[in-house]
């Protein structure tokens, strides 16, 4: 990697933007600005939850919704099976924007109870209301284990959830889904979506990939950062590899049955 070359270092770039054009009255709070500043510490770090906080970002939900393979598969499974959802009580765990809850309501569910502990739940409520489904979907903001629902144990007909992360199990959300299954899902007729998952695992050795990761730090925009290469393989990395790099006879399958999994 070569450092960028700037030929004219004296060039002046003039912005064509008009800048702030709104109401300037009280746009700057001088009294608040002059208040004593608090010292920045990590003493209250435990009061914030990084996991749930990360799902309060608009960008992560845009990224997930733009995964058309994922979203359309859920839509086909839900709206394509209205006989399974008609007049059923549905629990959506980790509802996000509420897209799966809306699919379930469209499929004829009696009522959908959507749960998310991130701030996105507040937006999900407005999305549900804007689409005229507030009589069919109730959104709860909070932790699954702490919410008091209007139904009792065994009162849910179907549990839907998009709990999968990188390498299937990343995000550690499956425990919450299984907890809700054991407490709320009807023991005789209850269903889960998805109810089964398969993980294909193969061990590979990609020396070119490893070498590329290491040599990158030797010249970063003309700066030697090779000291960074010492710990690059201590943390797990998520990436894609060409299928040709995986030997088919070295692959094993991990089958997960969510209905009977302990």
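Numerical summary
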read-out	value
Packing-based exposure ordering (other Cβ within 10 Å, fewest first) of 234, 189	234, 189
191, 262 arranged by Cβ crowding within 10 Å, fewest neighbours leading	262, 191
Extension gain (nm, one decimal) between residue 188 and residue 235, 0.36 nm per residue minus Cα-Cα	12.5 nm
FRET efficiency for residue 81 and residue 196, using Cβ-Cβ distance with R0 set to 22 Å, rounded to 0.05	0.90
DSSP-defined beta bridges in region 50-194 - what % are antiparallel, rounded to 5	5 percent
Mean Cβ count within 10 Å, highest first, over the residues of peptides 128-136, 157-165	157-165, 128-136
Extension reserve of the residue 164-residue 126 stretch, reckoned as 0.36 nm per residue once the Cα distance is removed	11.1 nm
Computed log₁₀ I(q)/I(0) - Debye formula, equal Cα scatterers, no solvent, region 50-194, q 0.14, 0.15, 0.18, 0.20 Å⁻¹	-0.61, -0.70, -1.06, -1.36
For 115, 227, order by how many other beta-carbon atoms lie within 10 Å, fewest first	227, 115
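Only the coordinates and a few stated rules stand behind these numbers; no lab work does. What you see is a predicted model; the values in this text were computed from it and never measured. Cβ sites come from the backbone with ideal geometry, for glycine too, and all protein chains shown count toward neighbours.
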